[in-house]
Amino acid sequence: MELTNTTVVWYRNDLRTDDHAPLVYAAQRGNVIPLYILDFDETEKNSLGGASKWWRNHSLISLSESLKKMGSQLVIRQGKVEQVLIELCSEAGADQIVIHDSIEPDALECDDKLDDLFDRSGVELVRFPSNLLWPVGSILNNSANPYQVFTPFWNRGIQQSKIGQPISAPLKLHSPDQRFTQLSVEQLILGSNPEWASGMNRRWSPGENGAFNSFRQFQDLYLEGYHEDRDQLADQGWSALSAPLHFGELSVRRVWHTLTQQANWEQDPGRYSFLRQLGWRDFAAHLLNHFPHTTDNPLREQFQQFPWRDNENDLSKWKKGMTGYPVVDAAMRHLWQEGWMPNRARMIVASFLCKDLLISWQDGAAWFWDTLVDADIANNTLGWQWVAGSGADASPFFRIFNPMTQGKKFDPKGEYVRRWVPELASLSDKNIHTPWLAPVDALNNAGVVLGKNYPYPIVDHAQARVSALDAYSSIK
Ligand SMILES: Cc1cc2nc3c(=O)[nH]c(=O)nc-3n(C[C@H](O)[C@H](O)[C@H](O)COP(=O)(O)OP(=O)(O)OC[C@H]3O[C@@H](n4cnc5c(N)ncnc54)[C@H](O)[C@@H]3O)c2cc1C
């Protein structure tokens, strides 16, 4: 039987061919037109940050190559979403557009508008669940309300619903005979060359193949010790899969089912704690779905009154990694170079910004948004509100990280600091996290001139802690 339908597969944060329900569905209907839209209408708020754009563009090149091997061609167009979709459907005679649901509030709003628009134009928008373990809204407490604490959310999730089995990519895609005007993938790269791209180029391999390789490497090298090693800053003990998961290069269901094939996986501590982190990713998405205002506003209302300081100078020193606290500076420079830092480092720098400098989590979240390759509206919001104490299941505000203790505990030999703050590289392990306490001889021998080639601490942590607690008591 000849299949004559033509379907547009509108790619967003699902830049893969594996476990891609819209692609499989479209392939079964007939001709397939894979499409990616560079939104003309991007506002400051919802547009991708520089580092994410770099990742997305490289990932699109990789997707385009994969689709070519399957007999298809990725069409990239720029413009207003509804206009691009309508024009392409009319040029190609397509009667359906298929998408994975987004969890991003702006995208959801846009999809609801499109539903209405297409109802009137005769084109149907067909939606599939997004790249999560459990569809948003499906994990609720006994009163049918969203969970605001992670552990009961997780327990309910794994008890209540089976996680869907991943599906394989179609072997072949049928394309319409006509050619469509479009941007070339090379044009994408020309448009984006952030200053820090060389560090990212060295570190990352965006795209589905790179994602699978990283996942395989993680299983071989780090999964077993994940529960113990994930917090160490200098040696990889984590997966570094956040960007592949964010951009949907890797299906979370594929990851889940690969790792739970082993009998008694719950008893394997590395495996279990990694899968539990994937649960945090779902938790963040489910929370965002229920509380979309939390991208800009605290979940806990009392934090609206928090007396954050507006201090561009200190904010700029934090961004540049010039706070005088070596572990904070190492992490911020790591972020600038590679567009990424491990979870422990994120917690340390976020705590320093919100509690030592009393600068708002929204300022920190905005910087992360622009500089992280894995910038994710749900995870970033949850992470910052967690550290600031204003969010769901948050760390209490009065728990204030001590940057010296954190450095000594999670970078005991100072390797992370030496890698990213080379001007301190010759200090001993004893002095590397507290150069301002080092004897003059030790500083001289290491070539460190405080106030010249490395700053004095911009705040005194003990005093900053007292100020933070005072500020917090004003809203309690
Ligand atoms: C202030 C702050 C901001 C953050 N911003 C982001 C962000 O923009 N994008 C982002 O993906 N993560 C963010 N996180 C969460 C977490 O730090 C990263 O997901 C993790 O460091 C990525 O490294 P990994 O892939 O090696 O994680 P692994 O430890 O290997 O974990 C595997 C996966 O689980 C998910 N995950 C792990 N921890 C968390 C968590 N705490 N919350 C939600 N999901 C989690 C991620 O998808 C991650 O890739 C933030 C955390 C904090 C404290």
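The values are calculated or read from the model by the stated rules, or taken from the named source; none is laboratory data. Model, not experiment: these values are computed from the prediction. FYI the Cβ positions are ideal-geometry reconstructions off the backbone, even for glycines, and counts take in every protein chain you see.
A quick yes/no check of all residues on (1) loosely packed, with under 15 Cβ neighbours inside 10 Å; (2) more than 20 Å from Pro244 (Cβ to Cβ):
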site: Val98; (1), (2): no, yes
site: Arg120; (1), (2): yes, yes
site: Leu132; (1), (2): no, no
site: Tyr147; (1), (2): no, yes
site: Ile163; (1), (2): no, no
site: Pro206; (1), (2): no, no
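Looking at the stretch 372-413 only, could you name the residues that are free of Cβ contacts under 8 Å to residues at least 24 places away in the same chain and closer than 21 Å to Trp318 by Cα? Hits for the stretch 372-413 are Asn380, Trp386, Arg399, Thr405. A search for C-beta distances below 6 Å between a residue of the stretch 220-231 that is within 12 Å of the ligand (Cβ to nearest atom) and any residue that is in a loop (DSSP other than H, G, I, E, B), counting only pairs 6+ apart in sequence or on different chains, returns Tyr222/Gly237; Asp229/Gly237; Arg230/Gly237; Arg230/Trp238. Restricting the first member to the stretch 358-371 and to residues that are outside any helix (DSSP H, G or I), and the second to residues that are of a type in the set (Gly, Ala, Ser) and more than 10 Å from the ligand (Cβ to nearest atom), the beta-carbon pairs closer than 7 Å and six or more apart or on different chains are Leu358/Ser467; Leu358/Ala468; Leu358/Ala471. Name the residue that is nearest to the ligand (Cβ to nearest atom), counting only residues in the stretch 334-367 that are more than 24 Å from Tyr472 (Cα to Cα) and surrounded by 24 or more Cβ atoms within 10 Å (Cβ to Cβ). Top of the filtered list is Met341.
I want to confirm something. Restricting to the stretch 241-268 and keeping residues that are assigned to a helix (DSSP H, G or I) and away from the ligand (no atom under 14 Å from the Cβ), which single residue is nearest to the chain's Cα centre (by Cα)?
Initial filter on the stretch 241-268 (assigned to a helix (DSSP H, G or I)): 242-246, 252-259, 265-267.
Restricting the remaining residues to those that are away from the ligand (no atom under 14 Å from the Cβ) gives 257, 265-267.
Values: His257: 22, Trp265: 26, Glu266: 26, Gln267: 28 Å.
Among those residues, the one meeting the criterion is His257.
In a residue-by-residue description of the stretch 120-143, the property of being at negative phi, assigned to a helix (DSSP H, G or I) and at pLDDT below 95 applies to at least one position. A single member of Leu23, Leu38 is under 23 Å from Pro206 (Cβ atoms), crowded, with 21+ Cβ neighbours inside 10 Å, touching a residue at least 40 places away in the same chain (Cβ under 8 Å) and touching a strand residue (DSSP E or B) at 6+ places or on another chain (Cβ under 6 Å), and it is Leu23.
No other residue among Glu124, Glu104, Glu109 is without any contact (Cβ under 8 Å) to a residue 40 or more places away in the chain, more than 19 Å from Arg29 (Cβ to Cβ) and not assigned by TED's automatic domain parsing to the domain that holds Leu245 apart from Glu109.
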